[in-house]
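Here the structure comes first, spelled out in structure tokens, and everything after it is commentary.
The values are calculated or read from the model by the stated rules, or taken from the named source; none is laboratory data. Everything quoted here is computed from the prediction, not taken from an experiment. Here the Cβ is made from the backbone with ideal geometry for all residues, glycine too, and neighbour counts use every protein chain on show.
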Amino acid sequence: MTTLPTPVAETAIGPALDLEAVAARAAGLARQARAANTLRAYEADWREFAGWCAARGLEPLPAAPAVVGLYLADCADRLSLATLARRVSSLAARHRRAGLGLDVRHPAVADVLAGLRRERGSAQRRAEALTVPRLKQVLAGLGDGLADRRDRALLLVGTAAALRRSELAALDVADIAVLPEGLRVTIRRSKTDAEGRGAVLAVGRTGQATCPAAAYTAWLAATGIAEGAAFRAVDRHGRLGGRLSGNAVALIVQRRAGAAGLDAAAYAGHSMRAGFATSAAHAGVGEIRIAHQTRHASLSTLRRYVREGALFADNLAVEIGL
């Protein structure tokens, strides 16, 4: 625990600082520096690691690099590389908060991660993109029931606005303005917007059966929702429940993909966002315009989808006469 300095006596300048209150305020601001979802993930990671150590009689804080390496190796068969790397970041963050150090570059940690990368190969499993043709295949199987109307609106808005599952789940009715031109979607906070600056996205009307604005309006009309969560649970009797979680959004994508004859296990909440970027690239939309909607901070990350979308733009097999 960090030791606070002894407060000085009251002077002519003013009363001595209430250091306990200031420290609490500083701690609160520090916690806000990370997005809420990241903090929840870090806390869950720490609980899992502490439980793992307790079951084996090992000390979690401070944790020896060798112990962290053993933990990573033990979890390797059930966790992705991205999750393992986040676990290391979580443990390092907990050590820093306790005024301790954890050398994540120590060979006992770094070499285990490097070995796992080589073992699995550099191409990590990614959620399959729910491209426009696949999305239309999914939508073709939806009816007029309340859950169907919700899922149609959710899938179309999520794809057209290139939203993350957490962003979709967090949307309130007040965040989606229905205008003659389409939808004005306000994202209050996101994974890459820790300071909560927000973003405003436009989803124009298409005049087609797959128009996101029309689908969203139909969902509101069917439910009478006027405030609060935009997308909510619907039970088997057609009764509305509470706000969908990010995990529930992902399950909807998987379930609807499976019902349409696609490999449900290959799809996730991220499939909508990936589907937008891949479909836009396939349609010849430039990187900058795509990034404006996806809000990618790095074009290098976006280019993975651009390459996939333009994969068959130049059919060399035809050009060489095959």
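From the list ALA268, ALA230, ALA214, ALA274, pick out the single residue that is surrounded by 15 or more Cβ atoms within 10 Å (Cβ to Cβ), touching an Asp or Glu at 6+ places or on another chain (Cβ under 7 Å), small (Gly, Ala, Ser) and modelled with pLDDT of 85 or more.
ALA230
Report, ordered by the first and then the second residue, all pairs with beta carbons closer than 6 Å, sequence separation of six or more or different chains, a first member in the range 64-82 that is within 15 Å of ASP103 (Cα to Cα), and a second member that is in a loop (DSSP other than H, G, I, E, B).
Every condition considered, the pairs that remain are PRO65/ASP103; PRO65/HIS106; VAL67/LEU58.
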